[in-house]
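Participant: Below: one structure in structure tokens.
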Amino acid sequence: MKSKEFTPKLFSLLRSGISKKQISKDILSGVIVGIIALPLAIAFAIASGVSPEKGLITAIIAGFIISFMGGGRV
């Protein structure tokens, strides 16, 4: 059985070319998601019994990992 090589979506988009308009839309959507996700991460941390800083750190690190490894063209 042949295994398929994993390539993060960011690399395939950069290779195929991406327009400045699409990049600006992606940045705007990322800012909007961040506005929602960061307070939610603080609330989850408090509800879990840990400090709010740990929730923020977890959300930021997870956000970078997810944006680097995942994503889609649409």
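Only the coordinates and a few stated rules stand behind these numbers; no lab work does. If you're wondering where the values come from, they're calculated on a predicted model, not measured in any experiment. Note that we place each Cβ from the backbone using ideal geometry, even for glycine, and neighbour counts take in every protein chain shown.
Participant: Size of the dipole of region 1-61 about the Cα centre, Lys and Arg at +1 and Asp and Glu at -1 on the beta carbon, nothing else charged, in debye to 20?
Facilitator: In debye, rounded to 20, region 1-61 gives about 400.
Participant: So for the chain, taking the charge dipole from beta-carbon charges (+1 Lys/Arg, -1 Asp/Glu), which of Phe11, Ser51, Val31 sits furthest toward the positive end?
Facilitator: Phe11
Participant: Could I ask something else about it? State the dimensionless ratio Rg/Rh of the chain (Rg: radius of gyration of Cα atoms; Rh: Kirkwood radius).
Facilitator: 1.11
Participant: For the ranges 36-49, 19-32, what's the packing order if you count other beta-carbon atoms within 10 Å of each residue, average per peptide, and put the highest first?
Facilitator: 36-49, 19-32
Participant: Grab the Cα-Cα distance for Glu5 and Ile61, subtract it from 0.36 nm times how many residues apart they are, and report the gain in nm with one decimal.
Facilitator: 17.7 nm
Participant: If you don't mind, there's one more thing I want to ask. Return Ile18, Ile65 ranked ascending by Cβ neighbour count within 10 Å, so the fewest neighbours appear first.
Facilitator: In increasing order of surrounding Cβ atoms, one gets Ile65, Ile18.
Participant: In deg cm²/dmol, rounded to 500, what helix-only [θ] at 222 nm does the chain give when every DSSP H run of at least 4 residues adds -39500 (n - 2.57) and the total is split over its residues?
Facilitator: It lands at -25000 deg cm²/dmol.
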